[in-house]
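What follows is calculated from the coordinates using simple rules that are stated; it is not laboratory data. Because the structure is a prediction, the values reported are computed rather than measured. Glycine also receives a Cβ, built like all others from the backbone with ideal geometry; neighbour counts cover every protein chain displayed.
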Amino acid sequence: MTHEKRPVIIYGGSFDPPHRGHAALARAALRQLKPSALYLVPGFRTPFKDYRPAPFAARAALLRAALGGAGLGGRAEIKISSFEANLRRVVFTWETVAHFKKLHPGAPLYVLMGSDCLAGFGGWRRPEAILKSASLLVGLRPGHSIKKGGIPFTALAGSFPEADSTAVRAELFLGRRPAQLHPAVLEVMGEKALYLSRERRLLEGSLSPRRYAHSLHTAELALSLAPAAGVPQRQAALAALLHDCARDLSPAAQRRLCPPRSPHLAETLREAPVLAHAWAGAALARKKYGVEDPEVLEAITLHATGAPGMGPLARLVYVSDLANQGRTFHEARLVRELAAVDFEAAFRAANYVKLVYAFAGGGWVHPLSVGLWNSLQEKKKN
Ligand SMILES: [Fe+2]
Ligand SMILES: [Fe+2]
């Protein structure tokens, strides 16, 4: 059987989302090795990233769209494998290699990757076990060297630019159309309401254009500060997008949405009713957008006043709401610049700026905002 001697290629990754770079690497591998099978293996979670990717079924649909868009649709050798996703945990490449070795005894196995991954290969789990059963098949990324000498590998002909998946996802969360994605992939995303497209659609329908633009600006800054604030990307985008979701409802409708046991509710409604949109927003996020994540709900609840002890996501939205690109006042720019170098300092500065404005107005100042200020001073002393 000549069949068994044909190579089998394993291509793992998060594919969140699958982009033109993935398709180009797969195409080159097919052309060069003429394998009997090329398995695309979306991971349940990768060992290197702290985020949860989109569900497997969604990524499989996106992968099919990406392959179709790249002219690889209907190629019988290409298979999307649920092996890693079904295990519902971080799966290491040596385990995936062992799985496909059992499935294709006697066939030469290859693990496909970009040269950026090759650089870190020595740090993978059980690299020797991988190399015992498989060869590495490596596509050159511009800016990465692909020198022979260390780890043995087979080089793919050509050069394969890598898209920055984190940046691509950030664009998707903001409703943009990253050029690294084939239009067919974007279409499936819309159909399947992925990357918060359903939330954005609902939000756009219920806010004024100005307020919707403000929500996108807030999400844009939140996404760029998320790593510094220690917050997962999707959570940052969701909370920032929805923070003002109740802002354009009538005061009466906002009041009806406020949970009766919200702290300081009666005096807030009496002294500064505009702040009620934050409590109402959390309730609406739950009711209309199906948000159950308590950290997202906390971030929406506290975005206007702040509060002592607020969590990382709430801090992120608090800063991003005040300091985003759409804010034209001088202090917003200062806080934004500070956030780029020291997120915690920017958080304290945001509280300061908000209080100064409140005191300058000469009226009642929300006890939670003052409480936040006091809690930050106590922290400094300790
Ligand atoms: Fe607000
Ligand atoms: Fe806002």
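Anything over 19 Å Cα to Cα? Flag those among LYS79/LYS192; LYS102/LYS132; LYS288/LYS354; LYS79/LYS132, in the order listed.
Checking Cα-Cα distances, LYS79/LYS192; LYS288/LYS354; LYS79/LYS132 exceed 19 Å.
log10 I(q)/I(0), Debye, Cα-only the chain, no solvent, q = 0.07, 0.09 Å⁻¹?
Values returned for q = 0.07, 0.09 Å⁻¹ are -0.41, -0.62.
Report the calculated FRET efficiency for LYS379 and ALA157 (r = Cβ-Cβ distance, R0 = 51 Å), to the nearest 0.05.
Rounded to the nearest 0.05, the efficiency is 0.35.
Distance in nm between label sites at LYS132 and ARG88, each 7 Å beyond Cα in the beta-carbon direction?
The two pseudo-label positions are separated by 3.1 nm.
So if each residue of separation counts as 0.36 nm, and I subtract the Cα-Cα distance between ALA253 and GLU292, what length gain in nm does that give?
11.9 nm
Set the Förster radius R0 to 45 Å, insert the Cβ-Cβ distance between LEU334 and LYS34 as r into 1/(1 + (r/R0)^6), and round the FRET efficiency to 0.05.
That pair, LEU334 with LYS34, gives E of 0.15.
Going by average Cβ density within 10 Å per residue, which order do the peptides 371-380, 82-91, 62-71 take, highest to lowest?
62-71, 82-91, 371-380
Order 325-336, 191-202 from most to least packed using the mean count of other Cβ atoms within 10 Å.
The densest-packed peptide leads the list: 191-202, 325-336.
Which order do ASP164, ASP116, ASP244, ASP321 fall in if you start with the one that has the fewest other Cβ atoms within 10 Å?
ASP164, ASP116, ASP244, ASP321
Once a ≥ b ≥ c are taken as the square roots of the eigenvalues of the Cα gyration tensor of the range 181-334, is the result rounded (a/c under 1.5), prolate (a/b larger than b/c) or oblate (a/b not larger than b/c)?
The shape class here is prolate.
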